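Take a look at the structure below.
Readers should treat all values here as calculations from the given coordinates under stated rules, not as data from a laboratory. Please read these numbers as outputs of a predicted model, since none were measured by experiment. Here Cβ is always computed from backbone atoms with ideal geometry, including for glycine, and neighbour counts include all displayed protein chains.
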Amino acid sequence: MTARATFLLLLVLLWAAPAQAGNIVAGEITGEHELTLALAAPLDAAVDWRGRVGVVERENPDVPLTVTTAALSPDGRELVLTLAEPVSGQGAYAVTLRAGPDGAAESFHVRKGVLAVLFSILISAALIQNFVFSRYLGLCIFFGASGRKETAVGMGFSFSLVMTLSAVFVWAVYNFVLKPLHLQFLQVLTFVGIIAIFVQLLDTVLRKVNPFLFKKLGVYLVLITTNCIILAVPLILVDNAYDLWESLALALGSGAGFALALFLMACVRERLELADIPEPFRGLPIAFVVAGLFALAFLGFSGMSF
Amino acid sequence: MDAHEHTVLERLSNGLIKENPIFKLALSMCPAVAMTNTVRNGFLLGLAVLFVQVASNVTVSVFRRFIHERIRIPAYIIIIATWVSVSDMTLAAYAPGFYKEIALYVKLIVVFAIIISRLEVFASRNTVWPSFWDGMGMGLGFMFALMLVGCLREFLGAGTLWGVEILPFKPFFFWSLPPAGFFAIGLIMALFIWLERRFNAWRAKR
């Protein structure tokens with residue numbers, strides 16, 4: 001049963017990976033500065049391949065990276081590229097190879113294993129780049145809903161739910177509608193519209209289908225529309241050209257990070273009610289100072305990278 | 001004419017001090033924390049917010065009779081998003097260097113609570129001129145708050161103001177770190193509350 005599920009999952013993952021055809025059959029990151037390409041047909045050892053390859057980061061396709069060496073294996077089926085800069089954590093690279101006699105270019109995407117990338121995006125969104133404490137977004141809701149632990153948990157849960165669903169939705173609309181029609185400049189308008197409609201839809205459906213859950217989450221659903229994070233995640237996933245699975249990981253990670261931040265803050269604020277605070281600091285100002293302390297602590301995560 | 005001048009002054013002082021978006025209403029604090037490490041960033045973002053606030057205030061007050069009560073929130077959001085796209089593209093074209101630093105926050109102006117709350121509270125119930133001045137007041141108040149925090153942090157953190165060197169050393173590098181935004185706003189907010197208390201007590205004594 002588990003084996004079959006794993007197989008199905010693998011099949012889906014394979015399907016989600018972009019299909020590529022050409023001489024390059026595989027590519028992987030093999031070292032701190034190294035990318036290795038496997039080739040279907042052997043290359044000519046006499047040619048200087050360094051001048052014929054181009055490597056760019058997927059996020060910055062306009063900035064070519066420096067390739068210091070390009071070593072061909074004796075059988076001509078493996079090309080090892082050494083980059084001047086170290087391979088970055090979530091690194092996904094597009095390698096172009098002009099192999100044909102007419103100089104026809106072929107491009108291939110090289111990156112770390114799928115699960116490693118997903119994991120690093122998830123952890124990065126939840127802790128290293130925590131939306132509240134490292135990117136300083138969603139503060140209105142953060143200060144508004146962190147008074148009590150129950151509210152914080154309810155808000156965190158409904159937020160993660162809406163975030164994940166709307167991220168998938170936005171990803172699909174961007175890649176299947178806006179991009180083919182070259183309407184990228186409408187992204188802000190479209191995303192905000194989609195999110196507003198989506199929240200309204202969820203509100204209506206939940207009211208009919210599961211009144212119990214609606215009663216629990218209803219109040220927060222309305223608030224979510226005006227949360228910066230809910231719009232920031234789609235903007236970030238479009239900027240980084242994430243695929244469906246990476247978008248899901250980003251959405252889940254940021255939802256978990258937001259819930260964590262809310263919960264931590266609620267714990268402290270419940271204690272603060274009993275503390276003797278100087279009068280001008282009561283209420284919001286002391287909450288800001290506490291958030292600042294949390295942010296300092298989260299700054300420590302910035303040294304972590306994958 | 002007299003009445004008109006009265007509203008102008010009243011709206012401006014309301015936005016700048018009495019209902020300052022950041023220190024008093026405590027709305028839209030994300031940019032105030034994240035983008036105030038220098039005065040210039042605060043100024044540019046404040047300018048974008050001022051423009052979007054005034055433009056959407058005017059648009060909504062012009063069309064207030066045509067917007068149906070029940071779909072007003074989506075309608076407001078679309079209006080705001082349109083003006084945000086305009087300012088986003090303008091900044092990207094004319095100030096690309098600075099735009100890179102504040103790009104995400106400019107796009108996020110769409111969901112700033114202050115803008116939609118002014119549309120709901122003021123522009124949807126008033127004529128064009130008062131709405132215009134209300135937008136000016138709120139936008140300037142926002143910009144003032146951002147620049148105040150920016151001044152404090154840039155001066156204490158880097159010893160400069162608007163990139164001009166004032167002190168030959170860095171007095172307190174901590175204020176340049178991102179988390180210091182929270183501390184700066186908490187302290188200034190407490191200062192505002194304290195001053196208001198003192199002022200009220202002083203007035204009551206007289």
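For the reader, a short list of remarks on this structure follows.
- Working note: Karplus 6.51/-1.76/1.60 with θ = phi - 60° gives the stretch A:60-68 the couplings 10, x, 8, 10, x, 8, 7, 9, 7 Hz, where Gly and Pro are set to x.
- Proximal aspartates and glutamates relative to residue B:170, as straight alpha-carbon distance under 20 Å, when same-chain residues fewer than 8 apart are discounted: B:154
- When you filter the chymotrypsin sites (Phe, Trp or Tyr not before Pro) in the stretch B:113-206 for DSSP loop state and at most 15 other Cβ atoms inside 10 Å of their Cβ, you are left with B:162, B:169, B:172.
- Proxy reagent accessibility, fewest Cβ within 10 Å first, across B:124, A:73: A:73, B:124
- With all pairs of separate Cα atoms included, chain A yields a Kirkwood hydrodynamic radius of 22.2 Å.
- Residue of A:74, A:234, A:64 that the Gaussian network model of chain A assigns the largest fluctuation, springs spanning Cα pairs under 10 Å: A:74
- Among B:160, B:127, A:190, a tally of other beta-carbon atoms within 10 Å of each Cβ gives an order, fewest to most, of B:127, B:160, A:190.
- Close amide H contacts of residue A:106 (hydrogens built in the peptide plane, cut-off under 5 Å, sequence separation of 5 or more or a different chain): A:97, A:98, A:99.
- For the pair the stretch A:238-259 and the stretch A:39-82, the centres of their Cα atoms are 31 angstrom apart.
- Summed over qualifying helices (DSSP H, 4 residues or more, each -39500 (n - 2.57)) and divided by its residue number, chain A shows a 222 nm mean residue ellipticity of -16500 deg cm²/dmol.
- Relative contact order [Cα under 8 Å, 6+ residues apart], the stretch A:89-214, whole percent: 11 percent
- Applied to the stretch A:180-187, the Karplus parametrisation 6.51 cos²θ - 1.76 cosθ + 1.60 on θ = phi - 60° returns per-residue 3J(HN,Hα) values of x, 8, 6, 10, 4, 5, 8, 4 Hz, with x for Gly and Pro.
- Computed from backbone phi, the HN-Hα couplings of the stretch A:158-165 come to 5, 5, 4, 4, 4, 4, 4, 5 Hz, rounded to whole numbers (Karplus: 6.51 cos²θ - 1.76 cosθ + 1.60, θ = phi - 60°; Gly and Pro given as x).
- Rounded to the nearest 10 degrees, the inclination of helix A:244-272 to the longest alpha-carbon principal axis of chain A is 30 degrees.
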